[in-house]
Amino acid sequence: MSAPPLWATSADGECADTKPTELDALRSHLHQCAAAHTRMAAFQGEVLRLRGFVLGRLVSSVALVLGLPLAAWLLLRL
């Protein structure tokens, strides 16, 4: 017959229940995650809006991106 497994828990012989400090830490962590997710979702929405704007005006956007440095270079040569 084999020996039963020995289990070690973080309760260290006490009642295995959550402590108020653990719940506060979890609450704080979840609040930080939610805030980060909200900021990231807002940023993603702005990026998608900008992408839609640029793709709708692809030729104009390329001309602007290439034309501005070219115009500046030409003006500096004068």
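Just so you know, all these numbers are worked out from the coordinates, no wet-lab data involved. The model shown is predicted, which means the values in this text are computed figures rather than measured ones. Methodologically, a virtual Cβ is constructed for each residue, glycine included, from the backbone with ideal geometry; neighbour enumeration extends over all protein chains shown.
For the pair LEU55 and HIS31, the difference between a 0.36 nm per residue extended length and the Cα-Cα distance amounts to 5.0 nm. In terms of the Cα gyration tensor, with a ≥ b ≥ c the square roots of its eigenvalues, is region 22-77 rounded because a/c is under 1.5, prolate because a/b exceeds b/c, or oblate? Oblate, because a/c is 1.5 or more while a/b does not exceed b/c. Of the residues ALA71, LEU55, MET40, the one whose Cα sits farthest towards the positive end of the charge dipole of region 22-77 is ALA71 (charges of +1 on Lys and Arg Cβ, -1 on Asp and Glu Cβ, taken about the Cα centre).
Full extension from LEU64 to LEU78: what is 0.36 nm times the residue separation minus their Cα-Cα distance, to one decimal in nm?
Values: separation 14, 0.36 × 14 = 5.04 nm, distance 2.11 nm.
Using 0.36 nm per residue and subtracting the Cα-Cα distance, I get 2.9 nm.
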